[in-house]
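What follows is a short report on a single structure.
The values are calculated or read from the model by the stated rules, or taken from the named source; none is laboratory data. The structure presented is a predicted model; accordingly, all values stated were derived computationally and were not measured. Cβ placement follows ideal geometry from the backbone for every residue including glycine, while neighbour counts extend to all protein chains displayed. These area figures cover heavy atoms from the full protein model, side chains too; ligands, DNA and RNA do not enter into them. Shrake-Rupley method; radii C 1.70, N 1.55, O 1.52, S 1.80 Å.
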Amino acid sequence: MRKRALAVLACSLAVLGACSKGLSPGDSTPSVGKATLTVLAAASLTDAFTTIGKQFEAQDGGATVRFSFGPSDGLAGQIQSGAPTDVFASASSKWMDAVQQDPGVSDRADIAKNRLTIITPKDNPAGIASVQDLANDGVKLVLAAEGVPAGDYGREVLDNAGISDKALANVVSNAIDVKGVVQAVTSGDADAGIVYVTDVTPDVAPQVQTVDIPDDVNVIATYPIGVVDGSEQSDLAKQFVQYVEGPGQSVLKADGFLPAA
């Protein structure tokens, strides 16, 4: 009889313990706080990765994905300065190489490619009809800053087109990232800018005109992703990378990115 009473008491204490942890009597395991995954990604991935992050959270059911978007060079610098990071996605192999050297990267993979286009305000006040027109006198051109992948690629386009000197003399602003180029053009502060085709989102498209850059002078950007060494969520980070390589590809394609292969 005494043993039975003790057993009942033990069960009662177990139920009370469960309730103190936010469980109902029918729960068999204590609730566990959601893991938070920190992803630093190129600004041009903002829309696609925001969608992919929500999908990943929904399918995982126990993770929160926290993004920080910006220029790949700046993000690489933050990581190398010790900013806690689980996953890095760059718009340039150059900056992924830098992070791979310090502090290190694993599970690296190319997840997408992108190409450049010229955008002008909707009324196209400078009459930009080709890449050559970026060298015309009086054109107000904005590029992403040097070191930012979109800025380096844009300058490479100008060089490929043989108009580098004249076009660079027309640069009125060097934006911190490619989103800054879009802002300068849509606000009327510039006559033209060079951005990724994926930056002409449904929200941006009604505000701009696009001018194609010929294939023989255009630049194709490659986007690598990887798990940063020292991640406290390395297993979850690997799962996220795999998700981007798998189901996430349909989101990237829908946003205008080219396949990595």
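Taking all protein chains together, Ser44, Ser250 sort by accessible area into Ser250, Ser44, largest first [probe 1.4 Å]. Placing pseudo-labels 7 Å out from each Cα toward the beta carbon at Asp215 and Lys122 gives an inter-label distance of 3.3 nm. When Glu245, Glu57 are compared by accessible area of protein heavy atoms, the largest-first order is Glu245, Glu57, using a 1.4 Å probe.
At full extension, Gln132 and Thr201 could sit 22.4 nm farther apart than now, given 0.36 nm per residue minus the alpha carbon distance.
Between the alpha-carbon centres of the range 183-261 and the range 38-75 there is a gap of 12 Å. Accessible surface for Ile111 stands near 0 Å², nearest 10, in the context of the full protein assembly shown (1.4 Å probe).
So what is the relative contact order for the range 106-247, in percent, with contacts set as C-alpha pairs under 8 Å and at least six apart? Value for the range 106-247: 41 percent. Relative to the first principal axis of the alpha-carbon coordinates of the chain, what is the inclination of helix 234-245, with its axis defined by its Cα atoms, in degrees from 0 to 90 and to the nearest 10? The angle comes out near 50 degrees. Electrostatic bookkeeping for Gly256 treats Lys and Arg as +1 and Asp and Glu as -1; over the other residues with beta carbon under 14 Å from its beta carbon, the sum is -2. Please report the net charge: other residues with Cβ closer than 10 Å to the Cβ of Met96, K and R +1, D and E -1. Net charge in that neighbourhood comes out at 0. Across the chain, Cα pairs under 8 Å and at least six residues apart give a relative contact order of 26 percent. Positive contributions from Lys and Arg (+1) and negative ones from Asp and Glu (-1), summed over other residues with Cβ under 14 Å from the Cβ of Ala76, come out at -4.
In the context of the full protein assembly, Asp159 retains an accessible surface of approximately 100 Å², using a probe radius of 1.4 Å and ignoring ligands and nucleic acids. The shape of the chain comes out prolate: with a ≥ b ≥ c from the C-alpha gyration tensor, a/c is at least 1.5 and a/b beats b/c.
Taking Cα atoms only, the orientation of helix 46-60 departs from the longest principal axis of the chain by about 20 degrees. Going by the alpha-carbon gyration tensor, a ≥ b ≥ c the square roots of its eigenvalues, is the range 150-261 rounded (a/c under 1.5) or, if a/c is not under 1.5, prolate (a/b greater than b/c) versus oblate? Since a/c reaches 1.5 and a/b is larger than b/c, the shape of the range 150-261 is classed as prolate.
A 1.4 Å probe over all protein chains sorts Glu156, Glu146, Glu232 by accessible area into Glu232, Glu146, Glu156, starting with the largest.
For Lys34, the accessible area of its heavy atoms, probed at 1.4 Å with every protein chain present, is near 130 square angstrom.
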